[in-house]
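Asker: Attaching a single structure in structure tokens format; questions to follow.
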Amino acid sequence: MIRKAHINSISGESIKGKRGFKLFFVLFSVLISVTSFASDQLDSLKKVLSSTHGDSSRADVLIQMSIETIGSDLKASEEYANQALNAASRTRYYKGMAAAYRYLGLSQYQQSQYKEAVSNWLLGVAMYDSVGDKSNIARLYSNLGAVYESQSRDDKALEYNIKSLKIAEQINDSVRQMAALTNIGVIYGKNRVQFDKALSYDERAIDYARKLGDAYVEGTVATNMGEIYFKQGKDSLAKVEFLSAAKVFGEGGIEESMPYPLQYIGKVYARAQDYASAESYQKKALEIAERLDLKRDVALVLIGLAETSLKKGDFQTALEYYKRAKDLSVEIGVKEELKDSYRGLSQTYVALKDFKNAYIYQNLLTSLKDTLYNIEFDQKMSGQLFDYELEKKQSQISLLNKDKEIAEQLAQRQRFAKNASLAGLGLVVIILFIIFRNYLAKVKINKVLDSQKAKIETLLLNILPASVAKELERNGHARPRFYDSVSVLFTDFKDFTKIADGMTPREIVDELNDFFSAFDDIIEKHHLEKIKTIGDAYMCAGGIPVEDTVHPVNIVRAALEIVNYMSMKNAIREKEGKNPWNLRVGIHTGPIAAGVVGKRKYAYDIWGSTVNIASRMESNGSPGKVNISAATFELVKDKFECHYRGKISAKNVGEVDMYFVEREILHENPVAETVA
């Protein structure tokens, strides 16, 4: 359940949405003042109003009064905005009218008067357009999107947020671009088939959050990305995002937001059957939530702990957690967590073979899902349908009484026709049964064949690129190819043997599998091709088998993400008193040959001096750094900050310059993606 976020800044007003629904980043227009301070300000404004003459000036003061009361007295805020609108209208003070519509809609939105809020904000858009204020038009479009999203009208919400994004890009407003990008990502994130689009907008939004130093938005968007990866089954990437979110919230002092990503890290570990790690993160989340009295977070984390206990077979502990979550959900009136508690209790009692209690909680779950509205609607429709059918039958009876003789004759003819057709119908049924039985047999055989074919194709795609696998399947062989420009990446662990000596074989394999699985997800995300692993070394390439021009940038981005992932893993290991894994990364760009080797165990491999130089870049690098050659540097220097670190000698090539990549250069106004 992706959460709602809000901005607290000089240009934004904090409006919290209901937890348990999709996140929607609502960028409003003012900052709510602390109540006591606002009260002092309001008294001062009342004095100013009493001595102010002229409707335009009075409108400005009344608007400020609406702002000051919006956090404490919504009815008063609405009344002040109405008075400001009347004053501004008398002198056709369009800027004042626009502001009055804006705050009038804002106070109505917070009172759940959505229809009135939409009407006033649309009028506000027209007024701001008449005075050329694009910044506030973008803000109101974002507000309108928030209303429609709250009503599950995602088509309209998307429409208004795209409008907001376009205007924000025209006026180069980074804050509003961040808001619109986040909103659009959230809308796409509701639909599994749109997950990739959601992630692309989230990545752009998080870039702005980092550039603006907004830890709250950065952490929240990272959490949303983690949830999408979790739902896609990409647990390594999900864990990276959740760890990043927890780190950002912690460093930013936003402790109240930490339980959510922490409990999700627990879910990732639970799915991997690492229950000790799962409970460690979930109990940490519970400690924070209870200390800060975040009751809904407490209920959510209790459910997560119960799920972990249920998975590991500790049914009694699961029951205790589910019951605590149920009681708390009833106390604070949250239906989503209550449903999850009922569902979990029913499943746990089934596991305990206590079917009586399982049935009780299943009934409670079903009852909770049925709203009074649906019951009343069904009863009303059933009654109307019954009356209609009764009237129809009475009419038919009357007609039959009038035309009884004709009806009898018609019935005799129908019986004769029916008897005459029964014999033929029986024969047809027998023939159809035989045909259908043969059809089912063929379908069953085809399903088995299709299943076997799919398994073979899946295995082939796991070891070969898709285009190479198709060529091999089609022709029985895959021809080797030469590429003018390919980027090759090597990774290796420094002092691997020393670390491995202190571990069991199972621990070594588990650690490497965890790392390389994460690397696989990262390079797939950046459209790269895995070549192979050799012991503790990992090799991939960009620009093959399908050539492109962006592989140098993609491979450097992937390298930085891999280094960041290992940094997070090492931080956890150091807290546990374990030695860190020191990863070196090297990249070089140049020509290579590529093809399939072997007859029995196919392998897609690459050859050439480019591979050797990439390997030298890795062996001459430093742990936690991305070392690139001069050839790669020339292709990415406009995208990344790098510093020169000297030369190495490469066989058959001569001396090669090396550079460390420090960070990606974030551009102020990236080109917006076209949305269909």
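Asker: Within 15 Å, Cβ to Cβ, of T91, how many net charges do the neighbouring residues add up to if Lys/Arg are +1 and Asp/Glu are -1?
Answerer: +2
Asker: Return the subset of K197/K326; K578/K647; K211/K525; K75/K166 for which the Cα-Cα distance in this structure is over 24 Å, preserving the input order.
Answerer: Violating the 24 Å Cα-Cα cut-off are K197/K326; K578/K647; K75/K166.
Asker: Still on this structure: Any chance you could run the full-extension gain for R506 through R271? It's 0.36 nm times the residue separation minus the Cα-Cα distance, nm to one decimal.
Answerer: Between R506 and R271, full extension yields 82.7 nm more.
Asker: M225: net charge of surrounding residues, Cβ under 10 Å, Lys/Arg +1, Asp/Glu -1, itself excluded?
Answerer: Neighbour charge sum, excluding M225 itself: -4.
Asker: Once you've got the Cα coordinates, tell me which of K470/K625; K532/K625; K234/K284; K284/K498; K231/K312 are over 26 Å apart.
Answerer: From K470/K625; K532/K625; K234/K284; K284/K498; K231/K312, over 26 Å: K470/K625; K284/K498.
Asker: Determine the gain in length on full extension of the stretch S367-T497; use 0.36 nm per residue of separation and subtract their C-alpha separation, reporting nm with one decimal.
Answerer: Taking S367 through T497 to full extension adds about 40.8 nm, to one decimal.
Asker: Here is a follow-up. Between S112 and D293, what's the calculated FRET efficiency when r is the beta-carbon distance and R0 is 22 Å? Round to 0.05.
Answerer: For R0 = 22 Å, the calculated efficiency reads 0.30.
Asker: Please list 276-289, 235-248 highest first by mean number of surrounding beta-carbon atoms within 10 Å per residue.
Answerer: Taking the mean over residues of other Cβ atoms within 10 Å, the ranking is 235-248, 276-289.
Asker: So what is the relative contact order of the stretch 526-578, in percent, for Cα pairs below 8 Å that sit 6 or more residues apart? If you can, show how the numbers build up before the last one.
Answerer: Numbers: 37 pairs, mean separation 14.5, N = 53.
Relative contact order of the stretch 526-578: 27 percent.
Asker: Same structure again: Obtain the nm distance between the two label points defined at N513 and I431 by a simple spin-label model: each point lies 7 Å from its Cα along the Cα-to-C-beta direction.
Answerer: The two pseudo-label positions are separated by 5.9 nm.
Asker: Going highest first, how would you order 258-271, 535-548 by mean Cβ packing within 10 Å? Walk me through the intermediate numbers first.
Answerer: Numbers: 258-271: 24.2, 535-548: 19.5.
Top to bottom by mean Cβ count within 10 Å: 258-271, 535-548.
Asker: Once fully extended, how much extra length lies between E524 and S152, figured as 0.36 nm per residue of separation less the alpha-carbon to alpha-carbon distance?
Answerer: On the way: separation 372, 0.36 × 372 = 133.92 nm, distance 3.28 nm.
Between E524 and S152, full extension yields 130.6 nm more.
Asker: Here's something else I'd like to know. Need the C-alpha centroid separation for the stretch 235-305 versus the stretch 150-222, integer Å.
Answerer: Answer, in whole Å: 24.
Asker: Separation of the stretch 70-111 and the stretch 328-364 by C-alpha centroid, Å?
Answerer: So the two Cα centres are separated by 47 Å.
Asker: Within the stretch 67-90, name every residue whose backbone N is under 15 Å away from a label modeled 7 Å from Cα of S130 along the Cβ vector.
Answerer: Answer for the stretch 67-90: 85-90.
Asker: Follow-up. Where does the stretch 535-619 land on Rg/Rh, using Cα atoms and the Kirkwood Rh?
Answerer: Here Rg/Rh amounts to 1.06.
Asker: How much FRET efficiency would the formula 1/(1 + (r/R0)^6) give for W607 and E203, where r is the Cβ-Cβ distance and R0 is 25 Å, rounded to 0.05?
Answerer: Working: r = 34 Å, r/R0 = 1.37.
That pair, W607 with E203, gives E of 0.15.
Asker: What is the local net charge at S56, summed over the other residues whose Cβ is closer than 14 Å to its Cβ (Lys, Arg +1; Asp, Glu -1)?
Answerer: +2
Asker: May I ask you to list the aspartates and glutamates whose Cα is less than 19 Å away from that of K156, ignoring any residue fewer than eight positions away on the same chain?
Answerer: In chain and number order, the partners are E116, E673.
Where a number appears in this text, it was derived from the coordinates with a stated rule and is not lab data. Please read all numbers here as calculations on a predicted model, not as lab measurements. In this analysis, Cβ positions are derived from the backbone assuming ideal geometry, glycine residues included, and neighbour counts consider all displayed protein chains.
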